[in-house]
Amino acid sequence: MELLFFCIVTSKRCLRRSQKLEWVCLLFPCAAGVVKAEDFSLPAYVNRRDVPLPEVAFVKDLSAQQKALKEKEKASWTALSVDEKVELYRIKFNESYAEMNRGSNEWKTVLGGVLFFLGVTGLILIWQKHYMYGPIPHTFSDEWLSMQTKRMLDMRINPVEGISSQWDYEKNEWKK
Amino acid sequence: MSSALLPKPQMRRLLARRMKFHLFGAFLLSVGCAALYKFGVADPRKRAYAEFYKNYDPMKDFEAMRAAGVLESAPPK
């Protein structure tokens, strides 16, 4: 009696979890798994360069014609025509290595998007400089910069390879 | 789909070929970069320093700097 009740409860749980009614749950509630194995938990086909032989073939449900071909495959392979060999390949694999590795034009989209958003950023920066930021310090004016440079030359800053090496101290001008 | 057979591709020693190529390339590139730096940057710099200090008179330099007025503890005469 309790067993029957448990069967009904278990089957209701089955209905909620999986789409198909599992008659196994009705007959053997404690034995087999409650839920049918979902597709994503079974071995899957992958199209990857580093997995040359995937766990399952690409085409799972063969048509009658393909089943006949599979039977023919069990005999000697020299009897197969080229088209039949190609058909067998296509049953087993989705894309060939050449098709798998083919390039695309995605890089153009990526480059275009990157440049576009760099441009937008530039526009934002221009707006900011014009409308938002205050004036720059007075030490950036031309007079101040020339006074600053003269002082650096007087101090002989970087006399070997740097700024003071480019100044002609005799003629008091930049070296040509 | 051509009826003629494609030439059989390289089946063996793929890693060896790749390694040889990359080892050569890495060696040449690193030695090249080092040589470029030595002859482009390091040696000219050493020569510039040697030239500068060959006839360098520090006292003359000091007097020039003092005359320009940049030394606080050594005012111009």
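Give the residues of region A:112-158 that are within 14 Å of chain B (Cβ to nearest Cβ) and open to solvent by less than 50 Å² (accessible area, probe 1.4 Å), sorted by residue number. Passing the criteria: A:Thr149, A:Leu153, A:Asp154, A:Arg156.
Taking the condition surrounded by 10 or more Cβ atoms within 10 Å (Cβ to Cβ), more than 30 Å from B:Val70 (Cα to Cα), of a type outside the set (S, T, N, Q) and within 14 Å of chain B (Cβ to nearest Cβ), does A:Glu73 pass?
Details: surrounded by 10 or more Cβ atoms within 10 Å (Cβ to Cβ): yes; more than 30 Å from B:Val70 (Cα to Cα): yes; of a type outside the set (S, T, N, Q): yes; within 14 Å of chain B (Cβ to nearest Cβ): no.
For A:Glu73, the condition - surrounded by 10 or more Cβ atoms within 10 Å (Cβ to Cβ), more than 30 Å from B:Val70 (Cα to Cα), of a type outside the set (S, T, N, Q) and within 14 Å of chain B (Cβ to nearest Cβ) - is not met.
Kindly evaluate A:Ile157 against the criterion of being free of Cβ contacts under 8 Å to residues at least 12 places away in the same chain and assigned to a helix (DSSP H, G or I). For A:Ile157, the condition - free of Cβ contacts under 8 Å to residues at least 12 places away in the same chain and assigned to a helix (DSSP H, G or I) - is not met. When the residues of region A:76-94 are filtered to those that are open to solvent by less than 80 Å² (accessible area, probe 1.4 Å) and assigned to a helix (DSSP H, G or I), which remaining residue is nearest to A:Asp50 (Cα to Cα)? Among them, the one singled out is A:Ile91. Residues in region A:95-108 that are of a type outside the set (Phe, Trp, Tyr) and either open to solvent by less than 100 Å² (accessible area, probe 1.4 Å) or in a loop (DSSP other than H, G, I, E, B) (or both): A:Glu95, A:Ser96, A:Ala98, A:Glu99, A:Met100, A:Asn101, A:Arg102, A:Gly103, A:Ser104, A:Asn105. Anything in region B:35-71 that is within 7 Å of chain A (Cβ to nearest Cβ) and not hydrophobic (A, V, I, L, M, F, W, C)? List them, or say none. Of everything in region B:35-71, those that are within 7 Å of chain A (Cβ to nearest Cβ) and not hydrophobic (A, V, I, L, M, F, W, C) turn out to be B:Arg45, B:Tyr49, B:Asp61.
The values are calculated or read from the model by the stated rules, or taken from the named source; none is laboratory data. Everything quoted here is computed from the prediction, not taken from an experiment. Neighbour counts run over all protein chains shown; Cβ positions are idealised from the backbone, glycine included. Please note that ligands, DNA and RNA were not included when accessible areas were found on the heavy atoms of the full protein model with its side chains. Shrake-Rupley method; radii C 1.70, N 1.55, O 1.52, S 1.80 Å.
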